[in-house]
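Here the structure is laid out as structure tokens; the discussion comes afterwards.
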Amino acid sequence: MRDNILVYVVGFLAQILFSGRMIIQWFRSEKAGKPLSPTIFWQLSLFASMLLFVYGVLRKDFAIVLGQLLVYFIYIRNLQLKNRWKTIPLVLRWVFYVLPAFSLGYLFSGAPNNIREILGNENVSFGLLLWGSAGQLIFTFRFVYQWIDSERQNESVLSNTFWIISLAGSLMIFSYAIFRLDPVLFLGQLTGAFVYSRNLLLGLNHPGFLSPVIRKVAARLKKRS
């Protein structure tokens, strides 16, 4: 029981960081009237990705592990495009570089929760595993697209297509979380789907009824600070 609590603590902490990045990005975008790509979005993404990967290993959930392995270095690349990667202490940067290799070594070792145990998890049927993995692949592809788009423009950008792919992948993972009985994924995607929809509306020049409210709140917070 205590081990399960620890696992969920790691997962919820990761989702708090993921949700936090989206809320910050959303508020700044509402204030600007268009989708933005703030530095803190990528910094929080990197820290949250590490935690969610650990959660996926502990939960023996291949879909989660796959998603985080695929997207990890794209977060780093966006920080490089924003010229913020070198502001992170050198020791921490090396930890970020080495961690994926160490993680892969662990997964393919004979240690508990290795890749064979994860793929052979009896709590996840083959069909559900395929659905969850497909959702993670689509959800991850948004950052592959975002990376290519950013390289083309030589700056970190979040386009309308990014938000469309985000919403599609999020809904798939949301349904996966329901069948998997995973509160971490469920709550994370519930928050995410709303923010993706709002960013898409902003990108389509459809500010909607929330923009004036958000801008007023942001203006008051700025005055107080």
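Any residue at all in the stretch 25-48 that's farther than 18 Å from residue 77 by Cα, within 12 Å of the chain's Cα centre (by Cα) and open to solvent by 30 Å² or more (accessible area, probe 1.4 Å)?
no
Looking only at the stretch 190-218, which residues are at pLDDT 80 or above and open to solvent by 40 Å² or more (accessible area, probe 1.4 Å)?
190, 191, 194, 197, 201
State yes or no: is residue 56 modelled with pLDDT under 90, farther than 30 Å from residue 152 by Cα and surrounded by fewer than 13 Cβ atoms within 10 Å (Cβ to Cβ)?
The answer is no for residue 56.
Would you confirm, using the coordinates I've provided, whether residue 70 is open to solvent by 10 Å² or more (accessible area, probe 1.4 Å), closer than 19 Å to residue 147 by Cα and in a helix (DSSP H, G or I)?
Spelling it out, residue 70 is indeed open to solvent by 10 Å² or more (accessible area, probe 1.4 Å), closer than 19 Å to residue 147 by Cα and in a helix (DSSP H, G or I).
Considering only residues of the stretch 1-24 that are under 11 Å from the mean Cα position of the chain (by Cα) and of a type outside the set (S, T, N, Q), which is most open to solvent (accessible area, probe 1.4 Å)?
Only one residue tops the list, namely 16.
Kindly indicate which of 75, 55 is touching a Ser or Thr at 6+ places or on another chain (Cβ under 6 Å), among the hydroxyl-bearing types (Ser, Thr, Tyr) and in contact (Cβ under 8 Å) with a residue 12 or more places away in the chain.
On inspection, the qualifying residue turns out to be 75.
Could you run through the stretch 132-159 and say how many residues are open to solvent by less than 50 Å² (accessible area, probe 1.4 Å) and not hydroxyl-bearing (Ser, Thr, Tyr)?
Qualifying residue count, the stretch 132-159: 12.
Across the stretch 74-126, which residue is farthest from residue 40 (Cα to Cα) among those that are in a loop (DSSP other than H, G, I, E, B) and open to solvent by 80 Å² or more (accessible area, probe 1.4 Å)?
122
The values are calculated or read from the model by the stated rules, or taken from the named source; none is laboratory data. Predicted, not measured: the structure shown is a model, and the values here were computed from it. Please note: Cβ atoms are built from the backbone with ideal geometry, for glycine as well, and neighbour counts cover all protein chains shown. In case anyone asks, the SASA skips ligands and DNA or RNA and just uses the protein heavy atoms, side chains included. Shrake-Rupley method; radii C 1.70, N 1.55, O 1.52, S 1.80 Å.
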